1. Return the carbon/sulfur percentage of the accessible area of the range 91-156, one whole number, probe 1.4 Å, all protein chains in place.
2. Rank-order 69-79, 55-65, 16-26 by packing density, defined as the average count of other C-beta atoms within 10 Å over each peptide's residues, highest first.
3. Going by a ≥ b ≥ c, the root eigenvalues of the Cα gyration tensor, does the chain fall in the rounded group (a/c under 1.5), the prolate group (a/b larger than b/c) or the oblate group?
4. Label the range 86-150 by shape, choosing from rounded, prolate and oblate, from the square roots a ≥ b ≥ c of the eigenvalues of the Cα gyration tensor; if a/c is under 1.5 it is rounded, and otherwise prolate applies when a/b is larger than b/c, oblate when it is not.
5. Pick from 89, 81, 13: which is most flexible by mean-square fluctuation in a GNM of the chain where alpha carbon atoms under 10 Å apart are linked?
6. Per residue, how much accessible area does the chain show when a 1.4 Å probe rolls over the protein heavy atoms, in square angstrom?
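The values are calculated or read from the model by the stated rules, or taken from the named source; none is laboratory data. Please read these numbers as outputs of a predicted model, since none were measured by experiment. Here the Cβ positions follow ideal geometry from the backbone for every residue, glycine too, while neighbour counts run over all protein chains shown. Ligands, DNA and RNA are excluded from the accessible area calculation, which covers all protein heavy atoms including side chains. Shrake-Rupley method; radii C 1.70, N 1.55, O 1.52, S 1.80 Å.
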Amino acid sequence: MVLFLCSCAGSASKDELQKANYHYQIGVSYLNDNNIQPAFVEFQKALKLNPYDKEIHNALGILYLVKLENYPKAVYHFKESLDIDKTFSEASNNLGNAYANMGKFPEAIESYKKAISNPQYKNAAMALHTLGMVYYRLTRYDEALDAFKEALKRFS
């Protein structure tokens, strides 16, 4: 009985998960409408109810990356998302974007490559394009050209 109670204490109830999803969806809606503060509040509510949701962490990372330009907090949330699901390529790509904005190009390259390595990643062409841009900024022109060519193949 004690083991059962301990296992329940660390996991969210079905009702909490539904509420978390509700707050997450509202947050996404606010974010899409460029209403940053309400989006942030909704994502925080969702995270409190379900701290182990990769999508919530990814959304918070996007908000910190794109809207607030707080790159360390964006990196934190993308890493949290990847700790939950190592194959979540969207978070790997977003982590690469955060690193690139911070000027941490080797880390960005590693993150983009991780995203691209997933054959089921739908946005691999975009990750290849941004990888090519990083290589270009580093004057690694041959690698940039290869990344751009591969991106074009995948866009088609």
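1. The computed percentage sits at 54.
2. Most protected by this proxy first, the peptides run 55-65, 69-79, 16-26.
3. Cα axes put the chain in the prolate bin.
4. Note, shape of the range 86-150 comes out oblate.
5. 13
6. It amounts to 60 Å² per residue over the chain.
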